[in-house]
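Down below is the structure, laid out as structure tokens.
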Amino acid sequence: MPKQATTLPVIAVGMITEFEQAESILSTGEADLIALARAVLFDPRWPWHAAAHFGAQVRAPKQYLRAQPSRLPKVFG
Ligand SMILES: Cc1cc2nc3c(=O)[nH]c(=O)nc-3n(C[C@H](O)[C@H](O)[C@H](O)COP(=O)(O)O)c2cc1C
């Protein structure tokens, strides 16, 4: 059912595993939010890795800041 069929927020779920796939769902307006289950069980930092893939930044607790990889000098903002 297309998102246009309702005024309620739409969450897409199921077999979303790739960063580009997730971004496409959101940027094309197919859904307002994506939900991940198995992809996050496999990689609990999936959202951070997605942010890094797109050159975006994440907010991390202070104690994580020293873990910023040198190849991603701006990922923690
Ligand atoms: C270990 C595990 C436990 C789950 N438990 C529930 C649950 O209690 N209730 C529910 O509605 N869906 C549950 N699901 C289904 C997920 O919410 C999700 O709809 C499904 O795994 C498809 O998304 P995915 O392809 O990102 O894994 C569970 C999935 C997994 C892998």
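Quick note: the coordinates plus some simple rules give every number you see, no bench work behind them. Here the structure is a predicted model, which means the values were calculated and not measured. When we count neighbours, we look across all protein chains shown, and the Cβ atoms used for this are built from the backbone with ideal geometry, even at glycine.
Can you compute the charge dipole magnitude of segment 3-67 about its Cα centre, using +1 on each Lys and Arg Cβ and -1 on each Asp and Glu Cβ, nothing else charged? Give it in debye, rounded to the nearest 20.
Here the size comes out at about 420 debye.
Two decimals is fine: what's Rg over Rh for segment 3-67, C-alpha atoms, Kirkwood radius as Rh?
With Rg and the Kirkwood Rh in hand, the quotient comes to 1.04.
Contour minus end-to-end for Ser70 and Met1, with contour as 0.36 nm per residue of separation and end-to-end as the Cα-Cα distance?
Net length gain for the segment: 20.5 nm.
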